[in-house]
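Colleague: Have a look at this one before I ask anything.
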Amino acid sequence: MCEIMWHYCSLSSFLKIVTTNKIKFSNILSTNDKSELNYFLDELSKKENYYNYFNKVLLNTNNFYSFSLSMKKDDLYMWNTYANEGVAIGFDIGILKKDFENLNVELISGKIEYKDLGSINDYIGEELKRISDENKNKKIKETKHLNFLEKSYLVKNDAFSLEKEYRFIFGINKDVNDISLGKDYCKKEYDINIYKGISDFFLIPFSKTSIKKLIVSPKSKLSNEDASRLMENLGYNLDYVHNSTISIR
């Protein structure tokens, strides 16, 4: 049985996704919840040696890119926050993972763990102790440090818990301007971001079979019939396309 996760987005973003068969991985420092990194750095700042390494070496030389979905289907909070007049695209996570298997970056994915600030600090402390032990045994490599930074982005303040987020994320050197997915090359691109001015991102190809369902926002001007016809014309074979069941007064 497939596991469906939902990507809530505007109609313009939806059209870009389904007409290009590409998903936007945005620089995480340009997202609306970039503050999650501040919790991480605040705890690191108490441990000077680690702070200098992670902040001045890894964070100054690497960028992290993510694509977010939600476990919440047809949810009022998600509609109001991310897709007021848009849609929720239902992705089969298993197929999406296979689509990304040939990326030449270390991609991790998982459900976000929501913790209060104290628990986030405890988590970071435990991870730093593990890294310290591995350092002593000379087992640690920079790739493991990068992996720790990636995993830190799977832990968020519980103020965001209503989102029930599932995230794909990878980190690469800031000097890298393209990555490959099999025979496809994905170049770093730029746009205007409402949170941080100019932001960078990668458009990563996916297979049409990874999209299984589509729900239209209760406030959207897009009709169920038009959405179904569009997806059929573009070659998608969905389980269903329907309007939200939520009533908006």
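The values are calculated or read from the model by the stated rules, or taken from the named source; none is laboratory data. Keep in mind the model is a prediction, meaning the values are calculated, not measured. Glycine also receives a Cβ, built like all others from the backbone with ideal geometry; neighbour counts cover every protein chain displayed.
Colleague: When you look at N224, is it in contact with a strand residue (DSSP E or B) (Cβ under 8 Å, 6 or more places away or on another chain), at pLDDT 90 or above and surrounded by 13 or more Cβ atoms within 10 Å (Cβ to Cβ), yes or no?
Modeller: Judged against the criteria, N224 is a match.
Colleague: State all residues of the range 166-186 that are within 17 Å of T20 (Cβ to Cβ), of a type outside the set (V, I, T) and within 18 Å of the chain's Cα centre (by Cα); if no residue qualifies, say none.
Modeller: L181, C186
Colleague: With the requirement that a residue be surrounded by fewer than 18 Cβ atoms within 10 Å (Cβ to Cβ) and farther than 19 Å from K187 by Cβ, what does the range 96-105 give you?
Modeller: Hits for the range 96-105 are K97, K98, E101.
Colleague: Can you confirm whether I89 is modelled with pLDDT of 65 or more, part of a helix (DSSP H, G or I) and not polar (S, T, N, Q)?
Modeller: Spelling it out, it is not the case that I89 is modelled with pLDDT of 65 or more, part of a helix (DSSP H, G or I) and not polar (S, T, N, Q).
Colleague: What do you reckon, is K97 modelled with pLDDT under 90, of a type in the set (K, R) and either in contact with a strand residue (DSSP E or B) (Cβ under 9 Å, 6 or more places away or on another chain) or closer than 30 Å to L181 by Cβ (or both)?
Modeller: Here the answer is no, as K97 does not meet what is asked.
Colleague: Let me ask another. Being touching a helix residue (DSSP H, G or I) at 6+ places or on another chain (Cβ under 8 Å) and in a strand (DSSP E or B) is the filter; apply it to the range 227-249 and report the residue that is surrounded by the fewest Cβ atoms within 10 Å (Cβ to Cβ).
Modeller: Per the criteria, the residue is H242.
Colleague: Then there's this: Look through the range 106-126, keep the residues that are surrounded by fewer than 21 Cβ atoms within 10 Å (Cβ to Cβ) and among the hydrophobic types (A, V, I, L, M, F, W, C), and return whichever of them is nearest to F202 (Cα to Cα).
Modeller: L107
Colleague: Here's a check for you: in the range 196-208, which residue that is not polar (S, T, N, Q) and not in a strand (DSSP E or B) is modelled with the lowest pLDDT?
Modeller: It comes out as K196.
Colleague: Got a sec? Which of I215, I211, I192 is at pLDDT below 95 and within 21 Å of the chain's Cα centre (by Cα)?
Modeller: Unique residue meeting the criteria: I192.
Colleague: Shifting gears a bit: Of the residues that make up the range 156-164, is at least one surrounded by fewer than 19 Cβ atoms within 10 Å (Cβ to Cβ), touching a strand residue (DSSP E or B) at 6+ places or on another chain (Cβ under 6 Å), under 26 Å from A88 (Cα atoms) and modelled with pLDDT under 85?
Modeller: No; the residues of the range 156-164 include none that is surrounded by fewer than 19 Cβ atoms within 10 Å (Cβ to Cβ), touching a strand residue (DSSP E or B) at 6+ places or on another chain (Cβ under 6 Å), under 26 Å from A88 (Cα atoms) and modelled with pLDDT under 85.
Colleague: Return only the number of the condition from (1) small (G, A, S); (2) modelled with pLDDT of 95 or more; (3) over 27 Å from F100 (Cβ atoms) that S13 does not satisfy.
Modeller: (3)
Colleague: Quick check, is G182 in contact (Cβ under 8 Å) with a residue 60 or more places away in the chain, touching a helix residue (DSSP H, G or I) at 6+ places or on another chain (Cβ under 6 Å) and either under 27 Å from M78 (Cβ atoms) or surrounded by fewer than 20 Cβ atoms within 10 Å (Cβ to Cβ) (or both)?
Modeller: no
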